1. Among residues other than Ile96 whose Cβ falls under 11 Å from its Cβ, what is the net charge (Lys/Arg +1, Asp/Glu -1)?
2. Anything over 30 Å Cα to Cα? Flag those among Lys89/Lys184; Lys184/Lys244; Lys37/Lys89, in the order listed.
3. Full extension from Met1 to Ile96: what is 0.36 nm times the residue separation minus their Cα-Cα distance, to one decimal in nm?
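Values in this text are rule-based calculations from the coordinates and carry no lab data. The shown structure was predicted, so the numbers you read here are calculated from the model rather than taken from an experiment. Every residue, glycine as well, gets a Cβ built from its backbone with ideal geometry; the counts of neighbours run over all protein chains shown.
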Amino acid sequence: MLLVIGYLLAVCIGISLGLLGGGGSVLALPVLVYVMKVDPKAAIAMTLVIVGTVSLLGSIPHARRGNLNLRIVGIFGSATMVGAYLGAKIAMLPFISSAFQMLLFGCSMLLAAGLMIYRAAIAKPTNDEDELEQIQYVKPACKYCWLWLMTEGIGVGILTGLVGVGGGFAIIPALVLLGKIPMKQAIGSSLLIIACNSVAGLMGYLGQVVIDWHLTVSFTFLAGCGTVIGAYLTQKISAQQLQKGFGYFLLAIALFVLAQNRGSLKSIDNSALRPKPNAVALKG
């Protein structure tokens, strides 16, 4: 029964991707962990496959429209790929627990939900093109923006490798402000960058975790089917209201993930307060 529910949720994730153009893939990890009972570290590796595949497919229409900036993808993408591989290797260190990774994922999800709700609240366009043109970011005061671009790329990549999120909420503003490219190119380029990140992160996990490839492929296929359905439904549903509602849904899931792993924080505090054996021996 849980497997059936998980597959239905995979279709729902795809529908959200087709309707919103992004964001839904972050639901893959909690579904794999809490519904399909996959170990968090293995689930993160599986999520990288799902996110990477969906992002690569999503970048194809942008490539046809000429909205891929390969120069920026090469600069930013190379940095994020290095970060993603490092993030995956860091995730396999003994002191990085699965609970810590889920906590970090919950915080990332919280940030993504907040940005989605905020963006939906301030948007007042009548069509998708107007919406892209009206999105504004605070311009940074930097002399060597390309250096900051690569620095942020490594940071975003590490987050991708650690918790399996694509990081589009951080990549797109970086490409617009630091890469100085139009919003349409930033969206298309970010999808290709996320796909590259996912490959690099997955390479870091291979041989370290056991991946259920049957579940991963079937989950990705159903999410892809859902994306087609979602793309059809975009003509009948208000994207702005949907984005706001989905943002609140992500917020609820983020709070659930954080609540489920709050015990790990207590264990860390207790271990920090517990006296060390050497100190006890000296005192005695």
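1. Details: positive: Lys41, Lys89; negative: none.
Local net charge: +2.
2. On the way: Lys89/Lys184 33 Å; Lys184/Lys244 21 Å; Lys37/Lys89 23 Å.
Distance filter (> 30 Å) returns Lys89/Lys184.
3. Details: separation 95, 0.36 × 95 = 34.20 nm, distance 3.20 nm.
Length gained between Met1 and Ile96: 31.0 nm.
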